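Notes to accompany the following structure.
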Amino acid sequence: MSTPEHNTPQHKTGSGFGARSTAADVLAGIDLTGQLAVVTGGYSGLGLETTRALAGAGARVVVPARRLDVAAAAVSDIPGAEVDELDLGDLDSVRAFADRFLASGRGIDLMINSAGVMACPETRVGPGWEAQFATNHLGHYALVNRLRPALPESGARIVSVSSRGHQLSAIRWDDPHFTRGYDKWQAYGQAKTANALFAVQLDLLGRGAGVRAFSVHPGEINTALVRHVSEQERIAAGWVDAEGNWSPGFKTPEQGAASQVWAATSPQLAGLGGVYCEDCDIAEPAAPAAPGTIGAASGELDADALTSGVRPHATDPEQAARLWELSAALTGVDAFAPTS
């Protein structure tokens, strides 16, 4: 399979879908019978809706899960869904899951990296890594690389779930693990930037072998992801009012799952890749502005700094290549050789 001569433009395609489209809407008329999908975090929130939608279209869905019993109960009523143990913050667990999957001899047609944490208190995993960067990015980086033998040359799509939160921070090259002071929102922003950059470089390295990658902002949704955000913070960010009512701008889980399902399955994206998507379309570059900042002293979210579209620091190919090199060095795995 030849390597395209140019990258996919970061501009809308006119998909016909939008912010209120659901996963069922974007899958209408698409038959995934015979295909296998891996959905991390596929047993709660957006991940569960993603599992339900893909299975409903005929796919077999493997759901890696840290809480195996909870996951099994959550997907028990979804025909075609199965669970296996995986802790993205533990590279030994990532290796063990990948080894078990590869031993099954099955191939992966679709992979959606939906699991993640947001704005958690300072937490260290592995060799002292900051938990949001480690779980949201490094764990998924290692997982995809270890599963490389299961990605068929006939074509595979990998979706990295990013967020508008990427606008809060570029990669902090001098201190990615926040060893000199922790800010939960900057840490989240860096992790979401990493998710977007991962898709940029993965698509570059994998497209010659039929692997295409996308990153996605699913939208604002009330799920368990917000569990570390206090009521006061939610009000200050405009997510809820003083009575606790959620903003009407928030999506339902079915709507929130739509963009990642669209990126994973849409025939409109055939031959494309390496771009950031939102509202079931390729996103436009964000309006010119400095990347959003937050109060380092208070750790408060500056919600007004977040706009639609994607900031240049999350799509820059040089930053993407540098992040890949850092990730390979930290995790000790790099299964994608550069294409010629």
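Laboratory data are not the source of any read-out in this text; all were calculated from the coordinates shown. What you see is a predicted model; the values in this text were computed from it and never measured. In this analysis, Cβ positions are derived from the backbone assuming ideal geometry, glycine residues included, and neighbour counts consider all displayed protein chains.
Observations on the model:
- Scaling against 2.2 N^0.38 Å puts the C-alpha radius of gyration of segment 23-329 at 0.93.
- In summary, the convex hull built on the alpha carbon positions of segment 68-197 has an orientation-averaged projected area of 9.0 nm².
- LYS192, LYS12, LYS251 arranged by Cβ crowding within 10 Å, fewest neighbours leading: LYS12, LYS251, LYS192
- Computed over segment 23-329: relative contact order in percent, which uses C-alpha pairs under 8 Å that are six or more apart: 19 percent
- For CYS277, the residues 5 or more places off, or on other chains, whose built amide H falls under 5 Å of its own are SER215, VAL216, HIS217, ALA283.
- Exposure proxy ranking, count of Cβ atoms within 10 Å, fewest first, for ASP334, ASP174: ASP174, ASP334
- Note on segment 33-54 and segment 118-167: Cα centroid distance 16 Å, given to the nearest whole angstrom.
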